[in-house]
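Every number in this text was worked out from the coordinates using simple rules, so none of it is lab data. This structure is a prediction, so every number in the text was calculated from the model and none was measured. Cβ sites come from the backbone with ideal geometry, for glycine too, and all protein chains shown count toward neighbours.
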Amino acid sequence: MFFFAWRKVSHGANGFYRAPSLARLATLPACMDPTAQKIQDALQVVSQFRQQHASDPALAQASTEIKRFQARRFKASYDDLLHSPRYQTAATFFLHELYSDKDYAQRDQQFARIATTIARLFPQAVVDTTGALAEVHALTETLDDQMARGWLADASSAPKGNECDRYIRCWRRLGGRAARHHQLEVVLQLGQEMDRLTRMRGLRTLLKMMRRPAAAAGLESLQQFLETGFDAFAKMEGADAFLKQIQQRESEWIRMLFDDDAVTCGTKLANLLATGAAH
C-alpha cells in the first residue's frame, strides 16, 4: 500500500516553513470525513486477516507462499524495468510495497493513528489518494487471503513442485475477474496520483522537515515510506510510460490466467519464473 501526505505549513518568525507536529497530528479529535472512515474500514479488514492468520499457522504459511510466488512473478515480469536507470527505483518500490510478503503491520498501525484526523491536515486531493491507497491494500489482502485458502485446499491434489499449475487452478477456482481488473485500476490510479504529488512545490522539503516530528510521534515507518515512495516517483520525471507498462503487462497476465489453455498458461508462467530466477 502507498501513502503520501501534504499540508500547507505556516511561516515561522524567521520566515522559514514550519513542519506540522505529527505528535499533535496523532492526538487531534476524530474527524468524520468519509475518507477517514474508508481508511479505517480498510485497515480493519487487513487487521482481521492478520488475526486469522495468527491463529492458523497453515493458512499463514499458505498466504506467505502465495505472496512469495506473486513477488517472483512480478520480479520476472518487470526484470527490464528493475534494471532500467529511469524506472528501477519505482519498479523496486512497487515490488516491495505491493507484491512482496513483507509485513506492513507497523506501518498500518501508524497510518491508523492519524486516519481520523487526516482531512484536517491535508488537502482533499491527498485525502482522496490515501483512501484509494487503503482500498487497494485491503483488496489485495482480501484476494491474497482467498488465494491462500484455495492454495491450502489444493495441497493434497497438486503434484509437489508443480506450483505454477497449482496457482492457475486456485486462480480459476476463485474467479473474480472484475475484482482483479479493479485491483489493477486502483493501483494505476494511485500511481497517477503519486506522480502528480511529486510535482507539488515544497513537498520533498516538507517531508524532510517532518523526520524529527515523525520520530517523536513514533511514526518512523510511515515517514520512511513517504520519503521512499516520493523519491521513487520523482526520479522518473514522469510516470506515464511506467504506468502504461504496468497496465499492459498486468492486463495480459489477468487475461492469460483466466482464458489461456491451462497447459499453455502453466508453461508460460514456468518459463517466466525460470527466466527471472536466472537473472
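Numerical summary
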{"item": "Residue pairs, from the table 38/102; 208/244; 67/244; 38/235, whose Cα atoms sit over 26 Å apart", "result": "208/244; 38/235"}
{"item": "Under Karplus coefficients 6.51, -1.76 and 1.60, residue-wise ³J(HN,Hα) of the stretch 197-205 in Hz, glycine/proline x", "result": "5, 5, 8, 6, 4, x, 5, 5, 5"}
{"item": "Charge dipole magnitude, Cβ of K and R +1, D and E -1 - the stretch 29-278, Cα centre, debye nearest 20", "result": "400"}
{"item": "Net charge of Cβ neighbours under 14 Å - reference residue 228; Lys, Arg +1; Asp, Glu -1", "result": "+2"}
